[in-house]
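What follows is a single structure, written as structure tokens, with notes after it.
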Amino acid sequence: MAAHAACRTLPEIWSLLTEEDAKEPSKKEDAAAQVEMLKLMTEEEPKEPSEKMEAVAEVANTVLRADALEWVPRALQEAELPQLEMEAAPQWDAHLEELPAMPATMTIGHRRRMLGLDTAPASEFMQQHEFISLGCYCAPTFGLQLLDLRKMSYPFDWTRTPLDGIGRCMDAEFQNFLTYRGWCSTNQHPIFLDSEWGGSFWHHDLQNPRTQAVFNRRIERFLGLGDVPYDAPRVFLRLVNHTGELREAQVLRQRLMMALPHAKDILILMLVELQGERGPMVVSLGTMF
């Protein structure tokens, strides 16, 4: 058989096994493998060609596997994120819930007077409505704190939030909210990036089980399912990320009205920062909002 030319004869292999220099484990394993291969190819009742080749391949692969390193897909290694330390995590956003020390001359009443919010109609309006931040980052929530208008915590208070991401969260009933595809390290803690809805988390440890419970309560409040009466009128604040968001405000309001059908009123205040003029300004007297 042509295949015999590739193998030693049985006597030759046997002599290798009994020679002094063949006592090394690697040489003995090599010789023993060739004996098995030769037996398979010279047995009295040969197997079918396909079966014979499979058997020979299995013997050869057994020898290869003995010395081979375990293979781990490189792509999988790169995609895995390391487990992050969680000891200090519960305190990550604690500083956000407490106002920092402010100058005594700048009281809540002073700030309200500066913005014309100290009148009786304004006070009545603020008492009757629930104020909720929609991002795009922490500034609206901090502003509500400074005016003493933040009564409850909500899911978008301290997140980086694209406007269309709010709609994606509502479409998915917030099942996609606590997701991320990457993270980066800072001096204080990691930042969780690229969520399924497009936002990022700069002040929360998404690997801490406590975070899930905290956000569940905030999401329930957002959807009118707890703590705040479901029919309470609501004012949503949005600091625009770009001017194109102004055109999307009406669609966002309609989606919020569908999510909160029993609310007496749904209002959206769109804030445009980095302007040359200071103070509130009327952009249009139209009926866009």
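What distance in nm separates the two pseudo spin-label positions at Ala139 and Asp194, each 7 Å out from Cα along the beta-carbon direction?
In this crude label model, Ala139 to Asp194 measures out at 2.7 nm.
Local charge sum around His110 (other residues, Cβ-Cβ under 15 Å, Lys/Arg +1, Asp/Glu -1)?
So the surrounding residues net to +1.
Using r as the Cβ-Cβ distance of Ser185 and Asn216, and R0 as 30 Å, what FRET efficiency do you calculate, to the nearest 0.05?
The value I calculate is 0.65.
Residues with amide H under 5 Å of Gly182's amide H, sequence separation 5 or more or different chain, H placed in the peptide plane at 1.01 Å from N; which?
Hits under the 5 Å cutoff: Leu193.
Quick one: Karplus J couplings for the stretch 163-175, per residue in order, coefficients 6.51, -1.76, 1.60, θ = phi - 60°, nearest Hz, x for Gly and Pro?
For the stretch 163-175, the Karplus curve yields 4, 5, x, 4, x, 5, 5, 5, 4, 8, 6, 6, 5 Hz.
Amide H neighbours of Leu239 under 5 Å, counting only residues 5+ apart in sequence or on other chains, H built in-plane at 1.01 Å?
Excluding prolines and chain starts, which carry no amide H, the hits are Leu134, Gly135, Cys136, Tyr137, Leu271.
Treat the count of other C-beta atoms within 10 Å as a stand-in for reagent exposure and order Trp183, Trp158 from fewest to most.
Ascending Cβ contact count within 10 Å gives the list Trp183, Trp158.
Taking 0.36 nm per residue of separation and subtracting the Cα-Cα distance, what length does fully extending Ala172 through Ala259 add?
30.1 nm
Is the C-alpha gyration tensor of the stretch 171-220 telling us rounded, prolate or oblate? Criteria: a/c under 1.5 is rounded; beyond that, a/b larger than b/c is prolate, otherwise oblate.
oblate
Rule-based calculations on the coordinates, nothing more; no lab input. Computed from a predicted model, the values in this text were never measured in an experiment. Note: ideal-geometry Cβ built from the backbone for every residue, glycine included; neighbour counts use all protein chains shown.
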